[in-house]
1. Would you mind calculating the gained length between K3 and S67 on full extension (0.36 nm times residue separation, minus the Cα-Cα distance), in nm to one decimal?
2. What is the extension gain from I23 to V43, computed as 0.36 nm multiplied by their sequence separation minus the C-alpha to C-alpha distance, in nm to one decimal?
3. Using a Gaussian network model of the chain whose springs link C-alpha atoms within less than 10 Å, name the residue from Q33, Q71, Q24 with the highest mean-square fluctuation.
4. I need to check one value: relative contact order of the chain, counting alpha carbon pairs closer than 8 Å and at least 6 residues apart, in percent.
5. Per-residue ellipticity at 222 nm for the chain, helices alone: DSSP H runs ≥ 4 residues times -39500 (n - 2.57), over residue total, nearest 500 deg cm²/dmol?
6. Just tell me, in residue order, which DSSP H segments of the chain are both 20 angstrom or longer along the helix axis (alpha-carbon based) and at least -1.0 in mean Kyte-Doolittle hydropathy.
7. When each pair of different Cα atoms in the chain is counted once in the 1/r mean, what is the Kirkwood radius in angstroms, to one decimal?
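Please treat every number below as a calculation from the coordinates, not as lab data. None of these values were measured; they are calculated from a predicted model.
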Amino acid sequence: MKKYTRKEFDKLMEDYKSGKKGIQPGHPDEINQAIQTFLDFSVMLTEYPEIDHIPPEIVENLLKTLSKYPQYNKLTLELIDILNRKR
């Protein structure tokens with residue numbers, strides 16, 4: 001999995017804020033909402049440098065929501081793996 005520099009992350013978030021990039025269509029509404037919330041908090045990381053992480057409850061909500069849908073198992077496991085590596 002690619003590790004992004006802060007500059008690359010900032011560029012991705014700018015593209016997201018401007019509408020140039022977004023959530024791909026076709027997801028259940030609950031998944032869209034969890035991803036949207038996660039991405040909104042990611043944008044805050046670029047706007048407020050003093051914030052250095054996404055609140056745990058946002059990540060927990062994303063994982064709980066994804067885990068309800070078997071088609072998202074691979075993504076859920078990849079996110080858990082990323083979290084475990086950060087400990």
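1. Residue separation times 0.36 nm, minus the Cα-Cα distance, leaves 20.6 nm.
2. Result for the pair: 5.8 nm of gain on full extension.
3. Looking only at Q33, Q71, Q24, the biggest GNM fluctuation is shown by Q24.
4. Value for the chain: 21 percent.
5. Taken over the chain, the calculation gives -21000 deg cm²/dmol.
6. Those that clear 20 Å and a mean of -1.0 are 29-47.
7. 14.0 Å is the Kirkwood radius here.
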